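The values are calculated or read from the model by the stated rules, or taken from the named source; none is laboratory data. Remember, it's a predicted structure, so these values are computed and weren't measured experimentally. Cβ coordinates were reconstructed from backbone atoms using ideal geometry, including for glycine residues, and neighbour counts include every protein chain displayed. Just so you know, the surface numbers come from the protein's heavy atoms only, side chains and all, with ligands and any DNA or RNA stripped out. Shrake-Rupley method; radii C 1.70, N 1.55, O 1.52, S 1.80 Å.
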Amino acid sequence: MSWRSEWEQLWAFAARSLIVNRRNVFAVFEMLFWPGVAILSVGLLTRFLHLDADTVSFILIGAVSMNTIQIAQLDLSYSLLYDVWSRSLKHAFIAPVRLAHLVMGAGLAGLIRGLFIFVVMGVLSQTLFGMDLGRPGVAGLLLFLAGLFLNAAIIGMLVLLLVLRFGHRAEVAAWAFSYLIFLICGLYYPVTVLPQGVQQVAWLLPLTHFLDYFRQFYGFPAASSHPLLYGFSQSLVYLALSYVGLGVVLHRARARGTLLKLSS
């Protein structure tokens, strides 16, 4: 095994995702359109409600986080959905590549696109509504971004798992999974407004802790003393479980001939 060979196999999946997005004008339009609409609609709503600056920041952080994760996880989710739609799934696994190459390659493309969207939305938030995403400093910003991309990777791998298990029927999961998480992680409101039982579930989601960490720089004290510790430890556990589960489902899909069925 050489590092150069590993990098080339990994980069093959990243390059494929980036080329597909670059050649699809609607994908480029969609990548910029929805985040722009989100910032404008949410920002104008806060202006209509005459909210104070800190509360505006609280809500806009949720909008930026949601769109960054959504864009980043879609590259990972679509890495197999494109093959399912074009009935070429078996070709992706005939090549001498491992699951890690697919996950890390598609994840790298998602990271690049997600980072771009984060910057675009940060500029829009600062220009239109005076919200400074850079207030936590470089370290705080990088830690928060790492948390967002870890969450995107977890969601993307869960979608891949469902695609390999259920095929076409799992397409809706590419969007539904993330929105279900956004609903209970305190994206636009503190989790304390949720019913008690749902609050317990919310604190099991790493995104809840990363939002809690980032918002303390905008005047909202963190609910726990170590939000980053909880966020990163939960993320690593879920990431490991998702990867192992994905490997098991891929092995069974090969044994059952599911890859061939999805390619015909």
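Cβ-Cβ contacts under 7 Å between residues 6 or more apart (or on different chains), taken from a first residue in region 87-107 that is free of Cβ contacts under 8 Å to residues at least 24 places away in the same chain to a second residue that is open to solvent by less than 100 Å² (accessible area, probe 1.4 Å) and charged (D, E, K, R), are listed as Ala92/Asp83.
Can you run down the residue pairs with Cβ atoms below 8 Å, 6 or more apart or on separate chains, where the first is in region 14-32 and modelled with pLDDT under 75 and of a type in the set (A, V, I, L, M) and the partner is buried (at least 18 other Cβ atoms within 10 Å of the Cβ) and part of a helix (DSSP H, G or I)? Cβ pairs passing all conditions: Ala27/Asn21; Val28/Asn21. If you go through region 223-241 and keep only what is crowded, with 20+ Cβ neighbours inside 10 Å and under 30 Å from Lys90 (Cα atoms), you end up with just Tyr238. Among the residues of region 95-106, at least one is in a helix (DSSP H, G or I), of a type in the set (Gly, Ala, Ser) and under 24 Å from Phe182 (Cβ atoms). Of all residues in region 204-222, those that are open to solvent by 60 Å² or more (accessible area, probe 1.4 Å) and free of Cβ contacts under 8 Å to residues at least 12 places away in the same chain total 2. A count restricted to region 117-132 and to residues that are in contact (Cβ under 8 Å) with a residue 60 or more places away in the chain, assigned to a helix (DSSP H, G or I) and not small (Gly, Ala, Ser) stands at 6.
Among the residues of region 246-257, the ones that are open to solvent by 20 Å² or more (accessible area, probe 1.4 Å) and under 18 Å from Ser77 (Cα atoms) come to 3 in all.
Condition check ((1) of a type outside the set (A, V, I, L, M); (2) open to solvent by 20 Å² or more (accessible area, probe 1.4 Å); (3) on the phi > 0 side of the Ramachandran plot) across all residues:
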residue: Leu143; (1), (2), (3): no, yes, no
residue: Arg165; (1), (2), (3): yes, yes, no
residue: Phe182; (1), (2), (3): yes, no, no
residue: Gln196; (1), (2), (3): yes, yes, no
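Have a look at Ile69, Ile117, Ile61 and point out the one that is under 30 Å from Pro190 (Cβ atoms), modelled with pLDDT of 90 or more and surrounded by 24 or more Cβ atoms within 10 Å (Cβ to Cβ).
Ile69
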